[in-house]
Amino acid sequence: MGIDIRLPIGILFSLLGLILAAYGFFGDASRYRQSLDVNINLVWGIVLFAFGFFMLLLGRRGMRVAPQKSGSQSSHSSGHNR
Amino acid sequence: MTGIDWLILGLYFVFVLGIGVALKSSVKTSTDFFLAGRAIPAWVCGLAFMSANLGAQEVIGMGASGAKYGIATSHFYWIGAIPAMVFVGIFMMPFYYGSRARSVPEYLRLRFDEKTRGLNAISFAIMTIFSSGISMYAIAKLIQTLRIFDGTFQRLGLNGSWIFDFAILISAVVVLAYTFLGGLSSAIYNEVVQFFLIVAGFLPLSWLGLKSVGGWSGLKAKLDPSFTHSWVGMGHAHTNPLGVEWFGLAMGLGFVLSFGYWCTDFLVIQRAMAAKSMSAARRTPLIGALPKMLFPFLVILPGLIAVALPTPPAVTHAGMTATTEPQGRGIIPYKLDATTGKPALDKDGKPQLDYDLAVPNMLLHYFPPGMLGLGLTALLASFMSGMAGNVTAFNTVWTYDIYQSYIRPGATDQHYLWMGRVATVFGIAFSIAAAYMANRFNNIMDMLQLVFAFVNAPLFATFLLGMFWKRATGHGAFSGLLSGTAAAAVHHGLTLSAGAVPGIKGGWLGLVHTYPSEMAQNFWTAIFAWTTCFFVTILVSLLTRAPEESKLTGLVYSLTPRPEEEPLAWYARPVSLAIIVLAGTLLLNVIFW
C-alpha cells in the first residue's frame, strides 16, 4: 500500500535517536544517577539512530525496487518485499 | 513530564497522523479500507498480528502478573499463545484466506449459516466497543494516578480534574483521525511502529533493571524460588503461585482460551487477511510468534525486578505521621482505599499491593527525562494501537456482517466505504461512552467482561469442527455455541475461588466446588464451555441434514486441495517457521523450568 513502512519508521527512529543522543550529550550528567550512572539517553539514542538509519536504507531500496516489480509477484524472503 | 518528554511524545503523534494522511490517497474501495487492499507484506502483517493484541492493558497487566506470580506469567505467552499462533498459521489460515471471506463471521456464514454468523457478528461488535472503552478508561486512570500531566496542567493553569477527560479525548481523536483516513492499512502501519516503540522503550528498562539487581542470578537470589521457575510446582494447584495445576493450565489456558482467541478472534485474524498472498497470510501468525516468544523478557521481567528492589522509605506528607514501615513490596506501593487514603486490606487483613503500578514505577525509577518520554510514548502507543485494532475490527464486522447483511444489502462499494468511515466515528464515540461508564459503574464492566468470556469460551470448538469435520451443520454450530455459553454460565454460577464471596466471582446458583484461585476457576469454566459446545455440535449435526459437499470446497480440510507452496527460501516457508518457533518455545520452557 502506498508507502514502504520502513521509510516512516526509519525517519521516526532516526529523529528520536538524534534527539535523545543530543540531549544526553549536552545535558547534565548528574541526572543519570537513577539510571545507574549510565548515560542512557546518549547510549540508547545512538542505538535508535543506527536502527532508524538502517530502516531508511532498507526502505529506500524497497521503494526503488518496488516500481520495477509492480504487477509481478515479488516472492522472496520476508525482509525484502516491497 | 519535562520539555524533552513532550517533544518525543509530540513527534510520535505527528508521525501517527502523518501515516494516516499519507495512506488516505490509496484508500479507494471498501477492500482498501477494511482489508488494506490485501496487499501487505508478511512481516508487516506478522508484527501487526502480534501488536494488535499488545495493548497497554496487556503491557501493564503482564508486568503486574510478573510482580504477583513471577516468571510463571510467561505461560500466557509460551503455552497461552505460541501453539495457537502456529496452529492458526499452518492449519486454519488456508480456509480463512482461501475462502476469500472478508471477516471471521463471514466465514461462519459460508461454512454454516446466517444465524451462526449473526450471533458471532453481533456479540463480537459489542465486545470490541466495550473492550476499547475499557482500555481507554484504564489508560486515562493510569495517567491520572501517575500524575504524568499534573505539572504541565498546573503550569498552564488548567484544572487537574480534567486530566482524565483530556487523556481520553486526545487518544480518541488521534485514533479516530488515522483509522478514519487510512483504514486498516493505517492501523497496521501504526501497530508496526508501536511494536518497535515498545521494544525501544522496554529493552533498556529490562537491561537497567537486571543490571541493578545483579543479572538473572542476582534476581534469583533476591526472590522466592517459585518466582523464577515456570513449571516447578505446577504438579499441584497449591504448590505454585498461580493456584492452577498443570492440566487446568494446559487445557484451559493452553488449549481452550488461547486457541479461542488467536484462532477465532477477528481482531487478530483481520491482520492476516490483509496479507498479499496465501503464503504471506499463513506466515503472518508465525512471524508474529517469533517476537511474541521473547516478549516476556520485555513486559514480565520488569514486574519481577520491581518486587526485588529495595522498598523506598515512606514519603511523609505534611500533616501525616511518619511511618517507618516499608509502604509496599519492592517499588510497588500498597493499594490505597479511595475514601480513607489508607492501604486497602485483603480478606486476611494484610494490605493489598497495587500491582498495576509495577511497570509504570519501573519507568519512573530508572528513566531520566528523555528516556522517560520514550517509555511513556511506548505505553501510550500500545494503548492507541490496541484501541485502533478494536475499532478497525468493529467497523469491518459492522459494515460487512451487520449493515450489508441485515440493514442495507446491495448498495454500491462506495456506499460501504462511506459506512465504514461513519462506523469508525460512532465506534469511537461508543467507546468513549463505555470508558465513562467504566469510570462510574465498575461492576457493570466486570459483569460485561464475564459475559464476553462466556460467549468466547466455546468458539474454538465450533471452528475446529467447522474446518475439520465436513459433517458439522449450521444447526449444530448454532446450538453448540449457545449451549457452550450456557455451560460456562452454569459452571461459573456453581463454583467459587477460595475466599471469594458469591456474586460476580461465581457461586450465584449455589456452591458445588471451590477452586484454589480465580485463575483456576476461569480456566475450568472455559474447559466446560468448550467441551459442551464440542459434543452438542456433534450430536445436533448428526441429527440434522448433512450439508452439501459441493458447497464446502475451500472451507473444510478434507474437501480443499492443499495450498500450493510459493517458491520460498527454506527458512521462510510456513512449516519451517513453525518448527523454529516451537523449538524456541520449548527451549525457553526448559531454561526457565
ask   = Out of (1) more than 8 Å from chain B (Cβ to nearest Cβ); (2) outside any helix (DSSP H, G or I); (3) not polar (S, T, N, Q), what's the single condition that is false for residue A:7?
value = (2)
query = Does residue B:84 satisfy the criteria of being closer than 24 Å to residue B:562 by Cα, buried (at least 24 other Cβ atoms within 10 Å of the Cβ) and under 21 Å from the mean Cα position of the chain (by Cα)?
reply = yes
key: Among (1) over 21 Å from residue B:105 (Cβ atoms); (2) part of a helix (DSSP H, G or I); (3) in contact with a helix residue (DSSP H, G or I) (Cβ under 9 Å, 6 or more places away or on another chain) - the single one residue B:368 does not satisfy   = (2)
ask   = residue B:211: touching a strand residue (DSSP E or B) at 6+ places or on another chain (Cβ under 8 Å) and either hydrophobic (A, V, I, L, M, F, W, C) or within 13 Å of chain A (Cβ to nearest Cβ) (or both), yes or no?
value = no
ask   = Pick from the range B:1-21 the residues that are at the interface with chain A (Cβ under 7 Å from one of its Cβ atoms) and touching a residue at least 12 places away in the same chain (Cβ under 8 Å): which of them is nearest to residue B:415 (Cα to Cα)?
value = B:19
message = Can you tell me which residue is farthest from residue B:423 (Cα to Cα) among those in the range B:24-40 that are facing chain A (nearest Cβ under 9 Å) and crowded, with 24+ Cβ neighbours inside 10 Å?
response = B:40
note = Filtering the range B:463-518 down to residues that are under 30 Å from residue B:93 (Cα atoms) and not in a helix (DSSP H, G or I) yields B:469, B:470, B:471, B:472, B:473
Subset of the range B:558-579 [outside any loop (DSSP other than H, G, I, E, B), modelled with pLDDT of 80 or more and surrounded by 16 or more Cβ atoms within 10 Å (Cβ to Cβ)] = B:574, B:577, B:578
Checking residue B:255 against (1) in contact with a helix residue (DSSP H, G or I) (Cβ under 7 Å, 6 or more places away or on another chain); (2) at pLDDT 75 or above; (3) in a helix (DSSP H, G or I), the condition it does not meet = (1)
ask   = Inside the range A:15-40, can you point out the residues that are more than 7 Å from every other protein chain (Cβ to nearest Cβ), at pLDDT below 80 and assigned to a helix (DSSP H, G or I)?
value = A:29, A:30, A:33
task = Please tell me if residue A:59 is in contact with a Gly (Cβ under 6 Å, 6 or more places away or on another chain), under 22 Å from residue B:22 (Cα atoms) and in a helix (DSSP H, G or I).
result = yes
ask   = Of (1) in contact with a helix residue (DSSP H, G or I) (Cβ under 7 Å, 6 or more places away or on another chain); (2) within 14 Å of another protein chain (Cβ to nearest Cβ); (3) farther than 30 Å from residue B:368 by Cβ, residue B:52 satisfies all except one. Which?
value = (2)
remark   = When the range B:540-580 is checked residue by residue, the ones that are within 14 Å of chain A (Cβ to nearest Cβ), in contact (Cβ under 8 Å) with a residue 40 or more places away in the chain and aliphatic (A, V, I, L, M) are B:568, B:572, B:577, B:580
ask   = When only residues in the range B:175-207 that are more than 10 Å from every other protein chain (Cβ to nearest Cβ) and over 22 Å from residue B:425 (Cα atoms) count, which is farthest from the chain's Cα centre (by Cα)?
value = B:206
key: Test: residue in the range B:395-402 that is at pLDDT 85 or above, under 30 Å from residue B:29 (Cβ atoms) and surrounded by fewer than 24 Cβ atoms within 10 Å (Cβ to Cβ)   = yes
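Every residue, every condition in (1) at pLDDT 80 or above; (2) over 18 Å from residue B:518 (Cβ atoms); (3) surrounded by fewer than 19 Cβ atoms within 10 Å (Cβ to Cβ); (4) within 14 Å of another protein chain (Cβ to nearest Cβ), yes or no:
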residue	(1), (2), (3), (4)
B:217	yes, yes, yes, no
B:229	no, yes, yes, no
B:232	no, yes, yes, no
B:238	no, no, yes, no
B:243	no, no, no, no
B:247	no, no, yes, no
B:270	yes, yes, no, no
B:294	yes, yes, yes, no
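The values are calculated or read from the model by the stated rules, or taken from the named source; none is laboratory data. No experiment lies behind these values; they were computed from the predicted model shown. When we count neighbours, we look across all protein chains shown, and the Cβ atoms used for this are built from the backbone with ideal geometry, even at glycine.
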